[in-house]
Amino acid sequence: MASVAVLTSGGDAPGMNAAIQAVVRVAASRDLDVVGILDGYDGLIDGTSRPLTRRIGGGVSVPVADVDSAGPLGGTILGSSRCPRFHKAEFRAKAAEHLRALDCIGLIVIGGNGSIAGAHAIANEMEIPVVGIPASIDNDIGLTREALGVDTALNTIVEACDRISDTARSHRRAFIVEVMGRDSGYLAMAAAAATAADAVLLPEVSKSFDETVDAVAECIRHSFSSERHKRRTLVIKAEGVGIPTHMLVDEVVAQLEDIDNLEVRGTVLGHLVRGGNSSFRDRLIAGRFGLTAIEALLAGRTDVMVGWNLTDTGEPTSDSFIRLFPIALVLEETQALIDGSSDVIRGRVERMESIQGVLSL
Ligand code: ADP
């Protein structure tokens, strides 16, 4: 029986399990078996895997029990890893050997931009087709408007900020809330717009230490001034902004010593944002990614990634929202997202600048 291999790699993201489930269900419906590689590229190198389908009466392929229940869950039932060995060709050769031994028609890699780069490396070094599915809460993968996990992470952040706002308004407090995003401020930016925050700090907009402290202090001063008289000030800060949140809080408090009874608090949401059941939207996208990834493998495609993208670039698929992109182009655009030269980043920064005045109102 023909089979497909699937793995999850890099930073986990809600929606990875929904994508695994979709891959397995679609593959089973096409009479394929599915093998899950454990712990990302580590499992590929070490040859550790387990079946994700089984055959029942009449030889019908069906998902195994934990795949049936995995769809909603955050994290990944296959495990994930950062695997430094995969950067070395000798270990990738070992991985290719294990993959060959599984006798599958292709490998689906679900992961972030590093994992997609790894998929590109092996796709070019072996004859087995590889298709990527983008999953990263940071939304820092090129040529997909959204990666799996972004929507769930944003829902978590928005809910956390709403809860913080409840208590902040009760006591007239300022909160600086830090969200994940070392290189990408997307989560901070999108959350700031959705929570009517008073300011947002992004790594894409480089400000010195002093400028950052001054801007936050000024924002809080204005917000709590006798004219404006707000009851809550909310500043959302991306992790990648070069000042630790507790230090920013201390510096801002020192600048605002003249305001009576001022309370400024910092909250780092951290890994809370990574976990949790995936949202409807992430499950929807995961399902459609899974379907088009299997279709791409069955069509013999390799070194491509599925992207959620309503544009006329990329290759159309059976799904009007999903396009297929050569991974080389994805990696080029990912680099531009990271170094800020991408039109997408310029657009985000411009949009952010255009709403700065709105945020500070
Ligand atoms: P993410 O996929 O979430 O971006 P990482 O950047 O840590 O996470 O990448 C996950 C793994 O992908 C790495 O630990 C490594 O095994 C593999 N990888 C990343 N970049 C490359 C590359 N250029 N060549 C080969 N493998 C890579």
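Is one or more of the residues making up segment 87-104 in contact with a Ser or Thr (Cβ under 8 Å, 6 or more places away or on another chain) and near the ligand (Cβ under 10 Å from one of its atoms)?
no
In segment 137-144, is there at least one residue being open to solvent by 10 Å² or more (accessible area, probe 1.4 Å), away from the ligand (no atom under 13 Å from the Cβ), under 30 Å from residue 239 (Cα atoms) and not in a strand (DSSP E or B)?
Scanning segment 137-144 turns up at least one residue that is open to solvent by 10 Å² or more (accessible area, probe 1.4 Å), away from the ligand (no atom under 13 Å from the Cβ), under 30 Å from residue 239 (Cα atoms) and not in a strand (DSSP E or B).
Based on this model, can you work out whether residue 78 counts as within 16 Å of the ligand (Cβ to nearest atom), farther than 17 Å from residue 291 by Cβ and of a type in the set (A, V, I, L, M, F, W, C)?
yes
Out of the strands (runs of 3 or more DSSP E) lying entirely within segment 7-113, which hold 1 or more residues that are open to solvent by 50 Å² or more (accessible area, probe 1.4 Å)?
49-51, 53-56, 60-63, 104-111
Looking at 169, 182, 163 in this structure, which one is within 19 Å of the chain's Cα centre (by Cα), among the basic types (Lys, Arg) and within 30 Å of residue 276 (Cβ to Cβ)? Let's see the steps before the verdict.
On the way: 169 fails: within 19 Å of the chain's Cα centre (by Cα); 163 fails: within 19 Å of the chain's Cα centre (by Cα).
Being within 19 Å of the chain's Cα centre (by Cα), among the basic types (Lys, Arg) and within 30 Å of residue 276 (Cβ to Cβ) holds for just one of 169, 182, 163, which is 182.
Regarding residue 280, is this residue of a type in the set (A, V, I, L, M, F, W, C), surrounded by fewer than 17 Cβ atoms within 10 Å (Cβ to Cβ) and within 18 Å of the chain's Cα centre (by Cα)?
Yes, satisfied.
Of all residues in segment 1-59, how many are closer than 23 Å to residue 295 by Cβ and touching a Cys at 6+ places or on another chain (Cβ under 7 Å)?
4
Could you list, ordered by first residue, the pairs with Cβ atoms under 6 Å in which the first is in segment 99-116 and under 15 Å from residue 292 (Cβ atoms) and the second is assigned to a helix (DSSP H, G or I) and within 15 Å of the ligand (Cβ to nearest atom), at least 6 apart or interchain?
109/115; 109/119; 110/16; 110/19
Out of all the residues in segment 303-325, is one or more modelled with pLDDT of 95 or more and part of a helix (DSSP H, G or I)?
no
Could you list, in sequence order, all residues of segment 309-348 that are closer than 22 Å to residue 192 by Cα, open to solvent by 60 Å² or more (accessible area, probe 1.4 Å) and more than 19 Å from the chain's Cα centre (by Cα)?
Within segment 309-348, 343, 346 meet the criteria.
Being within 12 Å of the ligand (Cβ to nearest atom) and either over 23 Å from residue 280 (Cα atoms) or not acidic (Asp, Glu) (or both) is the requirement here; does residue 70 meet it?
Values: within 12 Å of the ligand (Cβ to nearest atom): no; either over 23 Å from residue 280 (Cα atoms) or not acidic (Asp, Glu) (or both): yes.
No, not satisfied.
Name the strands (runs of 3 or more DSSP E) wholly within segment 149-248 that hold at least 1 residues that are open to solvent by 30 Å² or more (accessible area, probe 1.4 Å)?
Passing ranges, in order: 173-179.
Exactly one of these conditions fails for residue 130: (1) away from the ligand (no atom under 11 Å from the Cβ); (2) open to solvent by 20 Å² or more (accessible area, probe 1.4 Å); (3) closer than 24 Å to residue 37 by Cα. Give me its number.
Condition not satisfied by residue 130: (2).
Could you check segment 115-127 and list, in sequence order, the residues that are open to solvent by 20 Å² or more (accessible area, probe 1.4 Å) and in a helix (DSSP H, G or I)?
Within segment 115-127, 117, 120, 121 meet the criteria.
Restricting the search to segment 110-124, which residues are of a type outside the set (A, V, I, L, M, F, W, C) and either under 18 Å from residue 10 (Cα atoms) or near the ligand (Cβ under 10 Å from one of its atoms) (or both)?
Scanning segment 110-124 gives 111, 112, 113, 114, 115, 118, 120.
The values are calculated or read from the model by the stated rules, or taken from the named source; none is laboratory data. Bear in mind the structure is a predicted one, so any value in this text is a computation, not a measurement. When we count neighbours, we look across all protein chains shown, and the Cβ atoms used for this are built from the backbone with ideal geometry, even at glycine. Note: accessible area is taken over every heavy atom of the protein model, side chains too, but ligands, DNA and RNA are not part of it. Shrake-Rupley method; radii C 1.70, N 1.55, O 1.52, S 1.80 Å.
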